[in-house]
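One structure is given here, and the rest of the page talks about it.
The values are calculated or read from the model by the stated rules, or taken from the named source; none is laboratory data. These figures come from a predicted structure and were not determined experimentally. Cβ: placed from backbone, ideal geometry, glycine included. Neighbour counts: every protein chain shown. Accessible surface is based on the protein model in full, side chains and every heavy atom, while ligands, DNA and RNA are left aside. Shrake-Rupley method; radii C 1.70, N 1.55, O 1.52, S 1.80 Å.
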Amino acid sequence: PVLRGRALEIVDSQGRPRATISVLPPTVVDSKRYPETVLLRLIDPKIGPAVKIGVGSDGGAIGLTNGSDRGVQIFAHDSANLVRIVDNAGRERVIRP
């Protein structure tokens with residue numbers, strides 16, 4: 001009754017990934033360490049991941065995008081809690097408690 005694996009991918013009728021759930025190993029990007037992370041992605045075939053929900057040992061995050069760097073991100077991490085909004089013109093606003 002239980003499906004077990006390290007990742008799950010749901011594809012559309014053309015075989016394109018439309019949703020994924022993955023367990024990503026710890027990594028370092030631009031000298032910043034990221035812990036092991038569980039990541040859910042909902043993917044539009046034209047723009048890529050439009051919804052991302054992730055959780056690691058340092059907290060969680062939700063991102064909603066239109067396929068570019070624009071959209072809304074919500075972070076609840078050990079280091080900071082914030083909402084980041086970038087409009088279609090590239091203007092950014094960060095809201096902190």
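Of the heavy-atom accessible surface of the chain (probe 1.4 angstrom), what whole percent is carbon and sulfur?
Summing carbon and sulfur atoms, their accessible area is 56 percent of the total for the chain.
Taking a ≥ b ≥ c as the square roots of the eigenvalues of the Cα gyration tensor, segment 57-97 is classed as oblate, since a/c reaches at least 1.5 and a/b does not exceed b/c. Given the alternatives (1) 59, 33, 29; (2) 43, 31, 27; (3) 35, 27, 24, Cα extents along the principal axes in Å as computed for this entry is given by (2). Kindly identify segment 37-77 as rounded, prolate or oblate by the Cα gyration tensor criterion: order the square roots of the eigenvalues as a ≥ b ≥ c, call it rounded if a/c is under 1.5, otherwise compare a/b with b/c, prolate if a/b is larger, else oblate. Oblate is the answer for segment 37-77, as a/c is 1.5 or above yet b/c matches or exceeds a/b. With a sphere of radius 14 Å drawn around the Cβ of residue 33, what net charge do the other residues whose Cβ falls strictly inside it have (Lys, Arg +1; Asp, Glu -1)? The answer is -3. Mean-square fluctuations from a GNM of the chain, with a 10 angstrom spring cutoff on Cα atoms, peak among 27, 37, 65 at 27. Once each part is reduced to its C-alpha centroid, what is the distance from segment 13-37 to segment 58-95 in angstrom? Going from one Cα centre to the other spans 17 Å. The local environment of residue 42, defined by Cβ-Cβ distances under 9 Å, has a net charge of +2 under the rule Lys, Arg +1 and Asp, Glu -1.
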